[in-house]
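Q: Let me begin by handing over the structure; questions about it come next.
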Amino acid sequence: MLANDVPLLHVPSSPTVAGDPRHRGGAYVAVSRPDLGTDSTQSTVQRVTADGVVRFTSGEHDSAPVLSPDRRSLAFLRRVEDEHGGAHDQLAVAPVDGGEARVLTALPLGAGAPVWSPDSTRIALTARFPEPGRYGSAVPGGGRRPAPAAEAPRLVARLDSHLDGTGYLLDQPQQVVVVDVTDRDAGLVTTALTSAPCSLSSPVWYPDASALVVVAPRDLGARETHDDDLYRVDVAGGTLTLAVRTEGSVGAVAVTASGTILYTGTSHRDGHVVAEPQGLWRADHGAAPERLTDRRSVDVTGTPVPHGEDALVAVLDRGTVGVRRVPVGPGTPLALDELDVVLGGRLVVSGFAVDGDVLVATAATPESPGEVLVVDLPAGAPGATTTPAPTVLTDLAAPLRERAGAPGIRRTEEVTGTAPDGTPVHGWVVLPDGDGPHPVLRVVHGGPFAQDTWAFFDEAQVYASAGYAVVLGNPRGSAGYGLEHGRAVVGAMGTVDVDDVLALLDAALERPDLDGSRVGIMGGSYGGFMTSWVAAHHGDRFAAAWSERAVNAWDSFAGSSDIGWYFADAYVGPDPEEQRRRSPLSYADRVTIPFMVAHSEQDWRCPIEQGQRQFVALRRAGVDASLLVFPGEGHELSRSGRPWHRVQRFEHVLAWWAEHLPVTPVA
């Protein structure tokens, strides 16, 4: 895979299913791909059966498909231009047996993912509504629509006022919208059902379709909080009633046929708001929630799906994300090894849906950025020891193998090692073609409470195609290895995590096909922090460093990042002196290797001042340092930025390593 092969990255998501797609049924997924011609990420809805994949919708920006319970209609989001030149996702519905899609909303800032009512007559979703005179809306009392730079000043009196990738929050609250799909003569929906004093999210219908469950910040956002609660929204009038007071945050919600609420979320009872694994919880209206999964060993993600007397959830585990079964009755929370595996192996599930005893998932593997899989749900009592093998219905990675500038998928092999204190370390090496010995890039992931995985990783594939062996892994602080592993760096960043990063590298370098005398280090976000830190403290081990969208100075991060007002204190502590001791910026004068600082202008997670301060400190210390700035991009540039910026980033990365760590040693 070369830099300009990013358009070949076809990634499926949002599966929805009616019947077994291996037989007479079918699944629908959104398939996205970067498009260099339009410099945008395009997405279409495709129908998947045993006979292959067929495009179902005609738009170039169609996403989030959901089948109606009666299986007659498919709801999805379609990008639509408004009369003022703006383009936003709007709700569309198309008949499954053929016919034109109808766009049903004209919401000022677009629509969120659709949720069907049990009777297939209505759709709930969330949408942001702008304060008049902002985001292209008209000023009260006239038709003037100020440009962004001409809007009135913002008066901010809260710490939770902005979010990377979204912008300012308080002047565009998110509300619940309900759309009646039965009246074909109705006008486009432009208004919300609710008018809450805070943003609402994750609407789910109660079985009788008279109300919705939604997630809202504690006390409806009366003050800054990390806690969420669940509220009942009356569909007739939009009134909110507290349904469940939780122990912390809420990720996603489902409701069983009997009305029991299931949700994924964390507990904040011990005062921790970072490095906290999500669990699966159950609750009845007005009752205290019960945790169903063990906090020490289980970390769930995505939306739970009720299935009989159980719930199916996606679970992180040592670089994988599989689907496991959790009984939803009362009892002691179950540990990871007590949860039956429904879909497992060397894969990373991004979403799944169930119809009867068939599960359809979208998942990445070492050989593909995403495929559609189907598996039978095992019958019988919990504790089944056999897991049916999934059937792979698609081959979306075929263009990468056949049409890429460097065809084929570079192989991934597991690596394990041991830190100086005896702690196991776990990761992978993505290998170039040929016998080597190859130069090595130690790439550190962000987070820190995230994980490298078995999944196809476009960055590692590009670097391996260029001739570099890429070492990836999960040092302490990462997710997927239990509570203690994730908590190990709270108050200790730059200690045991550094030990693990280097120990995994040492384990990989025991391979004869890797060249331990030619090694570079790079990473983004927390990985950028680690790169900056390691370059200052262990720079003699590396030829050069590439630090991207990094935290370099905790003191200013605390006052400039969208999450800095709590994140810095939670991981490092509130003492300014300790924040400076844990900041790579404080040790910039120790760096002696060539150093690239890469940053995005509109990064609100790690604001650009983090990169600028590091660059200035390095240059003043006489370091061969450069600053690479991407206009118009935020924190997610490398994953979801403009396609041309993603290509240009790869080109700069490869040029940097070609200069400082050439694949062919210079005599």
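The values are calculated or read from the model by the stated rules, or taken from the named source; none is laboratory data. Computed from a prediction, not measured in an experiment: that's the story for all the values here. Virtual Cβ from ideal backbone geometry, glycine too; neighbours counted across all protein chains shown. Ligands, DNA and RNA are stripped out before the accessible areas are found, and what is left, the full protein with its side chains, is counted by its heavy atoms. Shrake-Rupley method; radii C 1.70, N 1.55, O 1.52, S 1.80 Å.
Q: Along the positive direction of the dipole of region 63-139 (beta-carbon charges: Lys, Arg +1; Asp, Glu -1; about the Cα centre), which of His84, Tyr135, Thr121 reaches farthest?
A: Thr121
Q: Consider all pairwise Cα distances in region 310-362 and report the whole-number % of them above 12 Å. Numbers along the way, then the final one.
A: On the way: 887 of 1378 pairs.
That tail contains 64 percent of the Cα-Cα pairs.
Q: Report, in whole Å, the centroid distance computed from the Cα atoms of region 540-610 and region 174-248.
A: That distance is 38 Å.
Q: Whole angstrom only: what separates the Cα centroid of region 441-472 from the Cα centroid of region 29-49?
A: 24
Q: Report the semi-axes of the equivalent ellipsoid for the chain in whole Å, largest first, where each axis is √(5λ) for an eigenvalue λ of the Cα gyration tensor. Write out the running numbers ahead of the final one.
A: Details: eigenvalues 306, 173, 141 Å².
Whole-Å semi-axes of the equivalent ellipsoid: 39, 29, 27.
Q: Working with all protein chains in place, sort Thr423, Thr391 by solvent-accessible area computed with a 1.4 Å probe, largest first.
A: Details: Thr423 30, Thr391 50 Å².
The ordering from most to least exposed comes out as Thr391, Thr423.
Q: Can you tell me the accessible area per residue over region 193-275, all protein chains present, probe 1.4 angstrom, in square angstrom?
A: Details: 3020 Å² over 83 residues.
It amounts to 36 Å² per residue over region 193-275.
Q: Taking the Cα centre of region 357-464 as origin, sum charge times position over the Cβ atoms of Lys and Arg (+1) and Asp and Glu (-1), and report the length of that vector in debye to the nearest 20.
A: Working: 5 positive and 14 negative charges, 30 e Å.
Here the size comes out at about 140 debye.
Q: Okay, next question. Run the quick spin-label model on Thr38 and Glu484: label points 7 Å from Cα toward the beta carbon, then report their separation in nm to one decimal.
A: Each label point is offset 7 Å from its Cα along the Cβ direction, giving 5.1 nm.
Q: Between Val139 and Asp575, what is the label-to-label distance in nm when each label sits 7 Å out along the Cα-to-Cβ direction?
A: 5.2
Q: For a label point 7 angstrom out from the Cα of Asp270 toward its Cβ, which stretches of region 277-314 have the backbone nitrogen within less than 11 Å?
A: 277, 295-297
Q: Would you work out what percent of the accessible area of the chain, with all protein chains in place, is carbon or sulfur (probe 1.4 Å)? Kindly include the intermediate steps, with their values, before the conclusion.
A: Working: 13250 of 26550 Å².
Here carbon and sulfur together make up 50 percent of the probe-accessible area.
Q: Going from most exposed to least, what order do Tyr463, Tyr135 have by accessible area with a 1.4 Å probe?
A: Details: Tyr463 0, Tyr135 70 Å².
Reading off the accessible areas and sorting them downward yields Tyr135, Tyr463.
Q: Note down the nm distance, to one decimal, between modelled labels 7 Å out along Cα→Cβ at Ala287 and at Glu83.
A: 5.2
Q: Still on this model: Using only the Cα atoms of region 208-307, construct the convex hull and provide its projected area averaged over every direction, in square nanometres to one decimal. Could you put the intermediate results ahead of the total?
A: Working: hull surface 27.2 nm².
So the Cα hull casts an average projection of 6.8 nm².
Q: Can you check what the net charge comes to around Gly221, using other residues whose Cβ is under 13 Å from the Cβ of Gly221 (Lys, Arg +1; Asp, Glu -1)?
A: Details: positive: Arg158, Arg218, Arg223; negative: Asp160, Asp219, Glu224, Asp227, Asp228, Asp229.
Summing Lys/Arg as +1 and Asp/Glu as -1 gives -3.
Q: Counting only the backbone N, which residues of region 22-53 are under 14 Å from the spot 7 Å out from the Cα of Ala655 toward its beta-carbon?
A: none
Q: Report the extension gain between Arg72 and Ala236 in nm, rounded to one decimal, defined as 0.36 nm multiplied by the number of residues separating them, less their alpha carbon distance. Don't skip to the answer; put the middle values down first.
A: Working: separation 164, 0.36 × 164 = 59.04 nm, distance 2.53 nm.
So the chain would gain 56.5 nm between Arg72 and Ala236.
Q: Based on the Cβ-Cβ distance from Thr166 to His23, what FRET efficiency comes out when R0 is 56 Å, to the nearest 0.05? Each step should come with its number before you reach the end.
A: Details: r = 42 Å, r/R0 = 0.75.
The calculated FRET efficiency here is 0.85.
Q: Would you mind working out the accessible area per residue for region 40-181, using a 1.4 Å probe, and quoting it in Å²?
A: Values: 6790 Å² over 142 residues.
Heavy-atom SASA per residue in region 40-181 reads 48 Å².
Q: Using alpha-carbon pairs under 8 Å, 6+ residues apart, how would you state the relative contact order of the chain in percent?
A: 10
Q: Note down the magnitude of the dipole of the chain about its Cα centre, charges +1 on Lys and Arg C-beta and -1 on Asp and Glu C-beta and zero elsewhere, to the nearest 20 debye. Don't skip to the answer; put the middle values down first.
A: Values: 54 positive and 83 negative charges, 147 e Å.
Approximately 700 debye in magnitude.
Q: Stretch Arg245-Ala209 to full length: gain in nm at 0.36 nm per residue minus the Cα-Cα span?
A: On the way: separation 36, 0.36 × 36 = 12.96 nm, distance 2.21 nm.
Answer, rounded to one decimal: 10.7 nm.
Q: Something else: From the helices alone, meaning DSSP H stretches of at least four residues, give me the mean residue ellipticity at 222 nm for the chain, per-run term -39500 (n - 2.57), in deg cm²/dmol to the nearest 500.
A: Numbers: 11 runs with 100 residues, N = 667.
Helix contribution divided over all residues of the chain: -4000 deg cm²/dmol.
Q: Taking the solvent-accessible surface of protein heavy atoms with a 1.4 Å probe, what is the per residue accessible area of region 376-483 in Å²?
A: 37
Q: Also, I was wondering about something else. How do 313-326, 568-581, 69-82, 272-285 rank on mean C-beta neighbours within 10 Å, highest first?
A: Working: 313-326: 23.4, 568-581: 16.0, 69-82: 19.2, 272-285: 21.4.
Descending mean neighbour count gives 313-326, 272-285, 69-82, 568-581.
Q: Right, another one. Need one number: convex hull volume per residue for region 430-564, Cα atoms only, in Å³.
A: On the way: hull volume 15.1 nm³, N = 135.
It comes to 112 Å³ per residue, whole-number rounded.
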